[in-house]
Every structure is written in C-alpha cells, then in structure tokens.
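I'd like to ask some things about the structure below.
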Amino acid sequence: MIPEWMKEAPKPFNSVLVANRGEIAVRIIKAVQEAGLRAIAIYSDPDKDSLHTEIADQSIHLPGENLSENYLNSEAIIQAAKSSGAQAIHPGYGFLSERADFAEAVEKSGIIWIGPSPEAIETMGDKISARARMIESGVPVIPGDEIAIPDDSDHLGTLASVAARVGYPLLLKASA
C-alpha cells in the first residue's frame, strides 16, 4: 500500500511502461496505478488476453514468434515506450531486468529507467566482483574463498582442501 503523502507528492514522470508479463507485470501495474501513474503493458500474441493487458491503462503489442523478437527485444520495447508516451520503463524481474545494456539503452533514449544503474547491474552480474564490492562497502559476507578449478583437476581434492581451510558447511557457487 502506498502512503497517502506519496500519492500527493510531485512526480518526476506520469507514465510507466512495464517491460514484463504475467503476475510480475500485474503487481507492478497495480503499484504504478496506486501511485497515481498511467501503466502501460506490453504483450505478445499468446499474452493478448492476459490479466496484465486488461488492467493496464494501455497495452502495446510486440510482434514476433519468440522471446528474442518481443519481450527480449530492447529496441522494440523502447519504441513501444516512445509510441505510448511512457516516460519511464520498469523491467520487472527476469527478462531484461539484469541486462546492463538494456538499462543503458533506456537511459540513452531519454526515458527514465526504474531500477539499478547499468553499472550496478554489471557489477552484480559477476559474483566475484559483487562479493568484492560488498566487502569494500563493509557489508558482512560469509567467509569464503574464490578458487578457480580447472577442468582437468581433481575437483574433490581441491574442494576438500578448501573445506579444510574455510570450514563447513561448504557452499559452492559458480561465478559464470
């Protein structure tokens, strides 16, 4: 629920294109409308009659047979925002929300990007640099070690030596 004072506050934009579909889009559209802003949905052929297109103030069709032609097509989404008069784009999550190049393209187009900066997206996309950034910022992190395990190595032997040094429980996370 959006507090009353936020509904009355001056807004830097009055319309948001939600660059997602389904339940994600529904939740964002409802929040956008609750904030007193115009919500614009995008949809592909299979999503034509989806709830997010019905509750949005406006819906823009994105042609294409597959995701790369519609929901993952940065240029088509930015063009949809421009043609609808959207002043901001919210990516939801998944799809383009973790693509720094999309965030940067939105900003360069003159449309407001609702989300982390392209630099933050890029940093957080690389687990090793993200962990280093957290440590630099004083954020507590679980003790650990970054190790490279070559394909031709004794994986279990390498992990056993790391576990002996770091301790249990042991969490493995691929960096790429």
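The values are calculated or read from the model by the stated rules, or taken from the named source; none is laboratory data. Keep in mind it's a predicted model, so treat the numbers as computed, not measured. As a convention, Cβ positions derive from the backbone with ideal geometry for all residues, glycine included, and neighbour counts pool all protein chains shown. These accessible areas exclude ligands, DNA and RNA; they are computed on the full protein's heavy atoms, side chains included. Shrake-Rupley method; radii C 1.70, N 1.55, O 1.52, S 1.80 Å.
The rows are residues; the columns are (1) over 21 Å from the mean Cα position of the chain (by Cα); (2) of a type outside the set (Gly, Ala, Ser); (3) in a strand (DSSP E or B).
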site: ILE24; (1), (2), (3): no, yes, no
site: LYS30; (1), (2), (3): no, yes, no
site: GLY36; (1), (2), (3): yes, no, no
site: ALA41; (1), (2), (3): no, no, yes
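Which of the residues belonging to region 144-174 are over 18 Å from ALA132 (Cβ atoms) and of a type in the set (Asp, Glu)?
Of everything in region 144-174, those that are over 18 Å from ALA132 (Cβ atoms) and of a type in the set (Asp, Glu) turn out to be ASP151, ASP152, ASP154.
Can you tell me how many residues in region 106-158 are at pLDDT below 90, of a type in the set (S, T, N, Q) and within 24 Å of LEU96 (Cβ to Cβ)?
Total meeting the criteria: 2.
Assuming THR123 fulfils every condition listed in (1) farther than 30 Å from ALA19 by Cα; (2) outside any loop (DSSP other than H, G, I, E, B); (3) free of Cβ contacts under 8 Å to residues at least 12 places away in the same chain; (4) among the β-branched types (Val, Ile, Thr) apart from one, which condition is it?
With (1) farther than 30 Å from ALA19 by Cα; (2) outside any loop (DSSP other than H, G, I, E, B); (3) free of Cβ contacts under 8 Å to residues at least 12 places away in the same chain; (4) among the β-branched types (Val, Ile, Thr) applied to THR123, the lone miss is (1).
Can you tell me how many residues in region 71-91 are assigned to a loop (DSSP other than H, G, I, E, B) and under 17 Å from GLY22 (Cβ atoms)? Break it down into steps so the answer makes sense when it comes.
Residues of region 71-91 assigned to a loop (DSSP other than H, G, I, E, B): 71-73, 85-87, 91.
From the residues that got through so far, the ones that are under 17 Å from GLY22 (Cβ atoms) too are 71-72, 91.
Residues flagged as assigned to a loop (DSSP other than H, G, I, E, B) and under 17 Å from GLY22 (Cβ atoms) within region 71-91 amount to 3.
For region 55-76, which positions are open to solvent by 30 Å² or more (accessible area, probe 1.4 Å) and under 17 Å from the mean Cα position of the chain (by Cα)?
If the condition is that a residue be open to solvent by 30 Å² or more (accessible area, probe 1.4 Å) and under 17 Å from the mean Cα position of the chain (by Cα), then LEU67, SER68, LEU72, ASN73, GLU75 are the ones that fit.
What about TYR93, is it open to solvent by 80 Å² or more (accessible area, probe 1.4 Å) and touching a residue at least 40 places away in the same chain (Cβ under 8 Å)? Write out each step before concluding.
Details: open to solvent by 80 Å² or more (accessible area, probe 1.4 Å): yes; touching a residue at least 40 places away in the same chain (Cβ under 8 Å): yes.
Taking the combined requirement at face value, the residue satisfies it.
Residue check, PRO118 against (1) out of contact with any Asp or Glu (no Cβ under 6 Å at 6 or more places or on another chain); (2) surrounded by 14 or more Cβ atoms within 10 Å (Cβ to Cβ), all met but one. Which one?
All conditions pass for PRO118, except number (1).
Let me ask you something else. Pick from region 153-172 the residues that are of a type in the set (A, V, I, L, M) and part of a loop (DSSP other than H, G, I, E, B): which of them is surrounded by the most Cβ atoms within 10 Å (Cβ to Cβ)?
Going through region 153-172, the residues of a type in the set (A, V, I, L, M) turn out to be 156, 159-160, 162-164, 166, 170-172.
Add one more test, that the residue is part of a loop (DSSP other than H, G, I, E, B), and what stays is 170-172.
Working: LEU170: 11, LEU171: 8, LEU172: 8.
Among those that are of a type in the set (A, V, I, L, M) and part of a loop (DSSP other than H, G, I, E, B), it is LEU170.
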